[in-house]
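K.L.:
Dropping the structure in here first, questions after.
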Amino acid sequence: MAAAKAQAIFHGLMLVDADPAADAAALERLTLWALGQYSPIVAVDAPDGIVMDTEGADHLQGGETLMVTGIVNRFRGRMLSARVAVADTWGAAHACARAVQRETVIVPAGETERAVEGLPLSMLRLPAKTVDDLRMLGFKTIGELSAQPRAPLALRFGPEIGRRLDQMFGRLAEPIDPIRTPELIEVSRAFAEPIGAPETIDKYVGRLVVQLVEELQRKGLGVRRADLIVEKVDGTRQAIRAGTAKPARDVAWLTKLFRDRTEKIEPGFGIEKLTLVAVMTEALEDLQKSSALVEDETSDVTPLVDIFGNRGHRVFRVAPVFSDVPERSVQRIAAAAVNDETWANHWPRPVRLLARPDRIEAIALMPDHPPASITWRGRRMKVKRADGPERVFGEWWKRDAELEAVRDYFIVEGEGGERLWIFRQGDGVDPGTGSHRWFVHGIFA
Amino acid sequence: MAQGAANLVISELRERIQHLEGTAKRLKHVLPFGIPDIDNRLPGGGLAFGALHEFAGGGAGTVDGAAAALFAAGIAARTKGQVVWCLTRPDLFFPALAQAGLHPKRVIFVEVDREEDVLASMEEALAYGGLGAVVGELVRLPMTTSRRLQLAAEKTGTMGLAVRRWRRQTEANDYGQPTAATTRWRVSVLPSEALPVSGVGRARWFLELMRVKAGECAEFFVGACDATGRINLSPGPGNGQDQAGRSVYSG
């Protein structure tokens with residue numbers, strides 16, 4: 001739209017001149033930030049994008065879906081809108097991020113062709129003139145173009161079209177040249193003869209870690225995220241990223257994190273160069289430890305937490321939440337976090353809590369007697385002993401619907417000694433407080 | 001005199017065998033239950049550190065494993081240091097474990113998607129050293145894997161606690177298969193202790209020591225873990241106490 005026309009439609013429209021140089025600088029800053037945050041191989045996809053190789057790094061964000069939505073949310077927090085796409089190849093991700101009208105797109109592995117065949121030609125990263133000429137010939141989508149015989153197209157437009165199509169469908173490798181800054185601490189080792197055996201890789205990774213730790217020592221830094229970048233003979237790169245829960249400068253600890261995953265490296269025809277980069281560092285001062293005569297020192301478990309975390313397991317601690325509703329009284333916190341509090345209630349609590357309360361049939365005297373018998377999962381249980389009720393009120397400050405809600409919890413014990421935690425929805429008198437149905441919520445030991 | 005000399009020879013031989021097996025050091029470090037009847041049944045007078053112990057529930061407990069998990073939590077609570085708890089099904093309700101004396105700041109949970117990862121995580125944690133106990137909730141525990149866990153535990157002196165829970169009650173006969181675990185326990189729920197008023201008293205368990213290396217099987221009636229993770233002996237169900245009272249709610 002022309003500026004004059006826009007001004008005619010919106011009164012008082014503010015106009016700012018385009019500043020491509022500042023845009024490019026800001027994009028580069030953003031790219032460097034993404035390097036520390038998301039992936040070891042990040043580059044500017046000029047003029048308006050960032051390309052990242054997230055393979056082997058998404059586990060630190062909790063998987064692809066969480067990573068992608070996380071990126072979008074972070075930008076939205078700064079009042080910016082971002083489009084993110086994950087695909088097998090740079091070309092496909094580039095096209096999907098720009099052409100699909102959604103904030104996040106994840107193209108499953110091997111489904112690139114289906115995802116891009118309907119997209120317009122302009123997403124193929126071809127010169128504008130070529131795109132115009134192809135439109136003139138009647139091509140509209142990438143799918144139509146890729147179905148054409150190559151020879152006539154190459155004769156007329158040169159090899160560029162074939163190259164871009166092959167790159168998009170993954171038939172031609174397109175390595176990403178990662179962005180680097182002088183501040184990054186980087187050690188590398190090039191090999192005269194390509195290496196490939198796992199033992200050899202392990203050996204050199206060990207040596208690189210020693211070098212990196214020496215560098216860090218000199219600068220008084222500890223590493224929070226480190227990347228091992230493997231450059232292979234055929235020009236492709238593979239990266240492994242390891243994160244730590246707190247700044248680390250320990251040779252054994254870092255070596256273990258990388259050796260744990262050397263099996264993920266595919267040497268192919270051989271490895272030419274190994275590079276170890278500390279992308280995210282924090283100050284780590286040497287601390288003097290006071291030695292005590294009594295030995296009650298608890299060992300530091302952070303290295304173990306990192307090993308589990310880098311394998312993609314969910315590592316966490318639990319902490320109390322001040323809520324009477326059982327399912328809300330526990331929260332997961334980071335394994336490195338410190339929490340000294342514990343649950344203050346004196347009522348017995350079940351060892352197993354069902355994720356969803358299970359509906360049961362109960363025969364009970366209303367309003368405040370425990371059931372005389374219950375039927376759970378088709379089995380009838382005669383209640384020999386019971387305790388209760390323990391009344392839990394709804395938390396109206398969380399949800400309006402809970403304003404009047406009430407649950408009455410009972411502990412019931414069957415003839416064989418099986419103890420269950422059951423509740424009735426509602427207080428037994430006023431139907432407004434709940435449906436008066438009975439549920440099993442937990443199993444006692 | 002001849003008897004004494006023979007005893008001396010035998011005990012010397014025993015020591016040498018223990019030395020060869022590398023178990024001499026291990027047996028000295030045990031965690032006693034504080035109940036002579038149980039401790040006397042266990043070699044060394046308690047649950048050995050640096051060893052793998054297996055727990056399972058009986059009856060419906062084979063599926064939920066609630067009593068077995070609480071028993072293991074009580075043991076872990078009485079150790080010193082951090083506890084790593086590996087699981088696949090996140091239905092553990094921690095407030096109950098806190099009531100057995102296990103403080104939340106001592107426990108690190110590792111939640112994994114596959115059963116094999118539980119075993120690998122347990123081995124990693126056992127080999128790490130410096131932890132109080134490592135607990136894993138497992139369905140299958142093959143011989144080879146259990147031996148790996150046992151060896152990793154022996155090397156660092158960390159106690160490994162495997163809580164077995166199955167998907168169906170019929171699968172629980174898997175518990176008869178041999179493993180390299182040092183002890184094997186079955187914990188079944190019993191009616192709770194009678195109170196003078198209506199209500200549910202302290203929970204009671206039927207504790208079976210099904211297998212123990214260098215020891216004999218035994219059965220105990222015990223009261224469930226108290227606020228410090230300790231159990232106590234409790235009179236069996238045969239004394240007629242349970243039959244005497246009619247349920248106050250049934251009439």
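The values are calculated or read from the model by the stated rules, or taken from the named source; none is laboratory data. Keep in mind it's a predicted model, so treat the numbers as computed, not measured. Positions of Cβ are generated from backbone atoms using ideal geometry, with glycine treated the same way; all protein chains shown enter the neighbour counts.
K.L.:
Output the number of residues of the stretch B:42-69 satisfying the condition of being of a type outside the set (G, A, S) and either part of a loop (DSSP other than H, G, I, E, B) or within 11 Å of chain A (Cβ to nearest Cβ) (or both).
P.N.:
Residues meeting the conditions: 5.
K.L.:
On the given criteria, is A:L13 within 26 Å of A:V223 (Cα to Cα) and either in a helix (DSSP H, G or I) or not hydroxyl-bearing (S, T, Y) (or both)?
P.N.:
In short, no.
K.L.:
Could I ask something else about it? Quick check: is even one residue across the stretch A:358-379 touching a residue at least 60 places away in the same chain (Cβ under 8 Å) and facing chain B (nearest Cβ under 10 Å)?
P.N.:
Within the stretch A:358-379, one or more residues are touching a residue at least 60 places away in the same chain (Cβ under 8 Å) and facing chain B (nearest Cβ under 10 Å).
K.L.:
Hey, another quick one. Tally time: how many residues in the stretch A:114-131 are assigned to a helix (DSSP H, G or I) and surrounded by 12 or more Cβ atoms within 10 Å (Cβ to Cβ)?
P.N.:
Adding up the residues that qualify gives 8.
K.L.:
Something else: Which condition number in (1) within 17 Å of A:G143 (Cα to Cα); (2) touching a strand residue (DSSP E or B) at 6+ places or on another chain (Cβ under 7 Å); (3) of a type outside the set (A, V, I, L, M, F, W, C) is the one that A:T104 fails?
P.N.:
All conditions are met except number (1).
K.L.:
Taking the condition closer than 26 Å to A:F75 by Cβ, assigned to a loop (DSSP other than H, G, I, E, B) and of a type outside the set (S, T, Y), does A:R98 pass?
P.N.:
In short, no.
K.L.:
Filtering the stretch A:63-80 down to residues that are assigned to a helix (DSSP H, G or I) and among the aliphatic types (A, V, I, L, M), which residue is surrounded by the most Cβ atoms within 10 Å (Cβ to Cβ)?
P.N.:
So, considering only residues that are assigned to a helix (DSSP H, G or I) and among the aliphatic types (A, V, I, L, M), the one surrounded by the most Cβ atoms within 10 Å (Cβ to Cβ) is A:M67.
K.L.:
If you don't mind, another one. Could you name every one of the strands (runs of 3 or more DSSP E) located completely within the stretch A:322-387 that has at least 3 residues being surrounded by 13 or more Cβ atoms within 10 Å (Cβ to Cβ) and of a type outside the set (D, E, K, R)?
P.N.:
By residue number, A:330-334, A:352-364, A:371-376.
K.L.:
Before we move on, is B:L8 modelled with pLDDT of 85 or more and in a helix (DSSP H, G or I)?
P.N.:
The answer is yes for B:L8.
K.L.:
Pick out the one residue from A:E214, A:E144, A:E186 that is of a type in the set (D, E) and touching a residue at least 40 places away in the same chain (Cβ under 8 Å).
P.N.:
Only one candidate passes the filter, namely A:E186.
K.L.:
While we're on this one: Based on this model, can you work out whether B:E219 counts as among the charged types (D, E, K, R), within 14 Å of chain A (Cβ to nearest Cβ) and assigned to a strand (DSSP E or B)?
P.N.:
In short, no.
K.L.:
What is the one condition in (1) surrounded by fewer than 19 Cβ atoms within 10 Å (Cβ to Cβ); (2) at pLDDT 85 or above; (3) in contact with a Ser or Thr (Cβ under 9 Å, 6 or more places away or on another chain) that A:A252 does not satisfy?
P.N.:
Result: A:A252 fails condition (3) only.
K.L.:
Taking the criterion of being crowded, with 17+ Cβ neighbours inside 10 Å, among the hydrophobic types (A, V, I, L, M, F, W, C) and facing chain A (nearest Cβ under 9 Å), would at least one residue in the stretch B:124-140 satisfy it?
P.N.:
yes
K.L.:
Which residue out of A:R328, A:R332 is within 11 Å of chain B (Cβ to nearest Cβ) and at pLDDT 85 or above?
P.N.:
Just a single option satisfies the conditions, and that option is A:R332.
K.L.:
With the requirement that a residue be among the aliphatic types (A, V, I, L, M) and either over 20 Å from B:Y175 (Cβ atoms) or loosely packed, with under 15 Cβ neighbours inside 10 Å (or both), what does the stretch B:194-230 give you?
P.N.:
Passing the criteria: B:A194, B:L195, B:V197, B:V200, B:A203, B:A214, B:A224, B:A227.
K.L.:
List the number of the failed condition for B:K80; all other conditions in (1) at the interface with another protein chain (Cβ under 7 Å from one of its Cβ atoms); (2) part of a loop (DSSP other than H, G, I, E, B) hold.
P.N.:
Looking at each condition in turn, B:K80 falls short on (1).
K.L.:
Then there is this: I'd like the full set of residues that are more than 16 Å from A:G309 (Cα to Cα) and more than 19 Å from the chain's Cα centre (by Cα), limited to the stretch A:238-261.
P.N.:
A:Q238, A:R249, A:D250, A:V251, A:A252
K.L.:
Given the conditions (1) on the phi > 0 side of the Ramachandran plot; (2) more than 8 Å from chain B (Cβ to nearest Cβ); (3) of a type outside the set (F, W, Y); (4) assigned to a loop (DSSP other than H, G, I, E, B), which single one is not true for A:K398?
P.N.:
The one condition A:K398 does not meet is (1).
K.L.:
If only one of A:E415, A:E390, A:E404 is outside any strand (DSSP E or B) and more than 9 Å from chain B (Cβ to nearest Cβ), which one is it?
P.N.:
A:E404
K.L.:
Let me ask something else. Is it the case that the stretch A:191-200 has a residue that's buried (at least 16 other Cβ atoms within 10 Å of the Cβ) and acidic (D, E)?
P.N.:
No: the stretch A:191-200 contains no residue that is buried (at least 16 other Cβ atoms within 10 Å of the Cβ) and acidic (D, E).
K.L.:
Among the residues of the stretch A:418-435, write down those that are more than 14 Å from every other protein chain (Cβ to nearest Cβ) and either without any contact (Cβ under 8 Å) to a residue 40 or more places away in the chain or of a type in the set (S, T, N, Q) (or both).
P.N.:
Across the stretch A:418-435, the qualifying residues are A:Q425, A:G426, A:D430, A:P431, A:G432, A:T433, A:G434, A:S435.
K.L.:
Of everything in the stretch B:84-106, what is more than 17 Å from the chain's Cα centre (by Cα) and within 13 Å of A:V301 (Cβ to Cβ)? Give them in sequence order.
P.N.:
Within the stretch B:84-106, B:K105, B:R106 meet the criteria.
K.L.:
Starting from the stretch B:90-110, take each residue that is more than 7 Å from every other protein chain (Cβ to nearest Cβ) and list its partners that are part of a strand (DSSP E or B) and at pLDDT 90 or above, counting only C-beta distances under 6 angstrom and pairs at least six apart or across chains.
P.N.:
Note: pairs meeting the criteria are B:P90/B:E111; B:R106/B:V83.
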